[in-house]
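The values are calculated or read from the model by the stated rules, or taken from the named source; none is laboratory data. Computed from a prediction, not measured in an experiment: that's the story for all the values here. Here the Cβ is made from the backbone with ideal geometry for all residues, glycine too, and neighbour counts use every protein chain on show.
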Amino acid sequence: MNPQNVTVRKPKIQKNYTKHKLLFFIILTALLMLAVVFANQLCPYNPNAQIFEPLETPSAAHICGTDRYGRDMLSRVLIGLQTSVLSTLLLVAIITLFGTAAGVLCGYFGGKTDALIMRVSDVCLAFPGLVFALAIAALLNGGLRNAIIALAVVSWPKYARIARSQTLSLKNSDYVFAARLSGDTSVEIITRHILPNIFGPILVTAMLDIGTMMMELAGLSFLGLGAQPPTAELGNMMSSGRSMLQTYPWVIISPGIAIFLAVAVFNLLGDTVRDYLDPRNSGK
Amino acid sequence: MSNYVIKRLLQMIPILFVITFLSFGMMRLAGSDAVLAQMQNTGVVMSKEVIENARAELGLDKPFLTQYFIWLINILHGDMGVSYISNKEVFPTFISKLPATLLLTALSIGLTVIVSIPLGILSAVKQNRFTDYFIRFCSFIGNSVPNFFAALLLMYFFSIRLNIFPVISRDITLKNAVLPAITLSIAMSAKYMRQVRATVLDELSKDYVVGARARGVKFSVTLTKSVLKSSFVTLITLMTLSIGSLLGGTAIVESIFMWDGVGKLAVDAINMRDYPIIQAYVMWMAIIYVCVNLITDLSYHLLDPRIRIGGDKK
């Protein structure tokens, strides 16, 4: 089944295959998102009620056991997943919108604003990402909102650079000249001709970033710089269960698996979207 | 070549200014200074005049920029102030913890190279066979596990269940470094296996490979003599680009394994709001990062004639 030996029909098969794969992962992601959105309804118990025997082993009543305060772990994992996924999506939305806007404006208008914004992004890139994020989060005194701000400050330059370089190359293309000649304003050119064309690469970058961002956000929470207890968030749940690793490992393992699955689903979707949008896949 | 080196070194100067300025400004923004911190730590309430005097003594009443330059000159003398918590000098404390982190970083990069390059090449050579799928599957798993979860799992299996490695790696020995280094290299290897595979596949699809095969050159010879040689530069780039994420990643892993390096120092300092230590950490990590990037750029220049020409054009 070496595809190199299949010559004529390969592209079509490949494209169809990617299409089916994409559909499958979209459904998988949709299921994950349903679990996230309806986490409150899916919880078997109140995630913050300390009403059970502490540190029960997993059983039929408590599939993931209970934590040291006697809270149902499954409910906490579900709510924690909701917190992690929603805050990650918010973070990715912020950096995508802000980075793209900055990049497009820089690329399109150039001049002093361009130089200024690009120097600011150089400064952000001069620091190793997580170290800078740690410092900002520490400066802002932790909290989920501040962790999101910290990661946003560190991550937007990547989007700005992609958007800027794409805009620069589009700006001098014939159809943009034609649009300008026919009297389109800058706003019209940006919204009608530039944004739709840079949408693909930006979308792929954003999709592939969701997994990484989720891990980094959870990492900050794990260090105590993100969501604060008693808020259920996967990173801080694992951090508070750390001391019980030896005796009650499920306190760590269930939130760990939840975050792994969520990251895996988003990574699979991101990879497939990239393959699907990659023009090389339909040509070669 | 020497022109290029000089140009790059000159470009470093503004970057270093920005790094130090931000590190300094960060502490000011935190709204805390040595006098207030001392007051909070000792629990002694000082009168306004005493605070003013103490500030004047430390030069904290001078304008912001003046303070910055005084601070900068002190740094050049190796004086970064004292820790709010332990009252020890920051710079010696930081330097004493640095070797542990560098050892850990070097070990995990070494491990990543040993794991990801052979597996990546194997995966490319066996494209779309079982071996390839299996390696890609492993790399996918490695990419989706947060490092703190990987650390805790490794700790659970190897330290608690199998009792091979110690749970707490407080002493800086090679045996204690194994688990933290593995943790750090899991995510990195996973990422680089993919990249190595893509780079080698790209190289394998070039005409000269077909040409060599047509002339009857053994595939193993083409692979080792031509393909790997020309993939080398890309691979080095990828490795050095990862140093940035590695420097930050060590913070979490060090604090889980109690590995006594700068990452753990920083996390502890953050939890206790010990700003002088955080400041030293951010500043030195950024300087190390910038230097590593510089060395990488310079080494390309030596390695790859194509970049040499392109670089001079800039």
Practice prompt. Can you confirm whether the range B:175-186 contains a residue that is at pLDDT below 90 and over 15 Å from residue B:250 (Cα atoms)?
Written response: yes
Worksheet, complete the sentence: Checking A:42, A:81, A:130, A:55 in turn, the sole residue that is modelled with pLDDT under 85 and within 14 Å of chain B (Cβ to nearest Cβ) turns out to be A:130
Fill in: Candidates A:257, A:252 - the one that is assigned to a helix (DSSP H, G or I), β-branched (Val, Ile, Thr) and within 8 Å of chain B (Cβ to nearest Cβ)
A:252
Worksheet entry | Failed item in (1) at pLDDT 85 or above; (2) farther than 30 Å from residue A:121 by Cα, with residue B:6 passing the rest | (2)
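Being at the interface with chain A (Cβ under 8 Å from one of its Cβ atoms) and crowded, with 17+ Cβ neighbours inside 10 Å narrows it down to one of B:144, B:116, so name that one.
Values: B:116 fails: at the interface with chain A (Cβ under 8 Å from one of its Cβ atoms).
After ruling out the rest, the residue left standing is B:144.
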Worksheet item: Taking residue B:133 and the conditions (1) within 11 Å of chain A (Cβ to nearest Cβ); (2) of a type outside the set (A, V, I, L, M); (3) more than 17 Å from residue B:254 (Cα to Cα); (4) in a helix (DSSP H, G or I), which numbered condition does it fall short on, given that it satisfies the others?
Response: (1)
Worksheet item: So which of B:159, B:185 is under 22 Å from residue A:220 (Cα atoms) and either of a type in the set (S, T, N, Q) or over 28 Å from the mean Cα position of the chain (by Cα) (or both)?
Response: B:185
Worksheet item: If residue B:195 satisfies every condition in (1) closer than 30 Å to residue B:96 by Cα; (2) touching a residue at least 60 places away in the same chain (Cβ under 8 Å) but one, which is the exception?
Response: (1)
Discussion item. Please go through (1) touching a Phe, Trp or Tyr at 6+ places or on another chain (Cβ under 8 Å); (2) under 30 Å from residue A:159 (Cβ atoms); (3) of a type in the set (A, V, I, L, M, F, W, C) for residue A:81 and return the number of the only condition it doesn't satisfy.
Written reply: (1)
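Against the condition within 14 Å of chain A (Cβ to nearest Cβ) and surrounded by 16 or more Cβ atoms within 10 Å (Cβ to Cβ), how does residue B:184 come out, does it pass?
Details: within 14 Å of chain A (Cβ to nearest Cβ): yes; surrounded by 16 or more Cβ atoms within 10 Å (Cβ to Cβ): yes.
Yes; evaluated as a whole, the condition is true for this residue.
Can you find, within the range A:126-178, the residue that is surrounded by the most Cβ atoms within 10 Å (Cβ to Cβ) among those that are polar (S, T, N, Q) and under 20 Å from the mean Cα position of the chain (by Cα)? So that I can check it myself, show each step before the final result.
Keep residues of the range A:126-178 that are polar (S, T, N, Q), which gives A:141, A:146, A:155, A:165-167, A:169, A:172-173.
With the extra rule that they be under 20 Å from the mean Cα position of the chain (by Cα), the set shrinks to A:146, A:155.
Values: A:146: 18, A:155: 23.
That would be A:155.
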Fill in: Residues satisfying the stated conditions in the range A:1-39, i.e. more than 14 Å from chain B (Cβ to nearest Cβ), over 17 Å from residue A:85 (Cα atoms) and modelled with pLDDT of 65 or more
A:15, A:16, A:18, A:19, A:20, A:22, A:23, A:24
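Please specify each residue of the range B:116-138 satisfying the condition of being among the charged types (D, E, K, R) and more than 16 Å from residue B:227 (Cβ to Cβ). Don't jump to the end; show me each part of the working.
Step one: list which residues in the range B:116-138 are among the charged types (D, E, K, R), which gives B:126, B:129, B:132, B:136.
Within the range B:116-138, B:129, B:132, B:136 meet the criteria.
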Worksheet entry | The lone exception for residue A:270 - which of (1) surrounded by fewer than 24 Cβ atoms within 10 Å (Cβ to Cβ); (2) more than 8 Å from chain B (Cβ to nearest Cβ); (3) more than 21 Å from the chain's Cα centre (by Cα); (4) in a helix (DSSP H, G or I) it fails | (3)
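Taking the options A:215, A:237, name whichever one is touching a Gly at 6+ places or on another chain (Cβ under 6 Å) and either within 14 Å of another protein chain (Cβ to nearest Cβ) or under 15 Å from residue A:91 (Cβ atoms) (or both). Full working, then the answer.
Values: A:215 fails: touching a Gly at 6+ places or on another chain (Cβ under 6 Å).
Selected residue: A:237, the only one of A:215, A:237 that is touching a Gly at 6+ places or on another chain (Cβ under 6 Å) and either within 14 Å of another protein chain (Cβ to nearest Cβ) or under 15 Å from residue A:91 (Cβ atoms) (or both).
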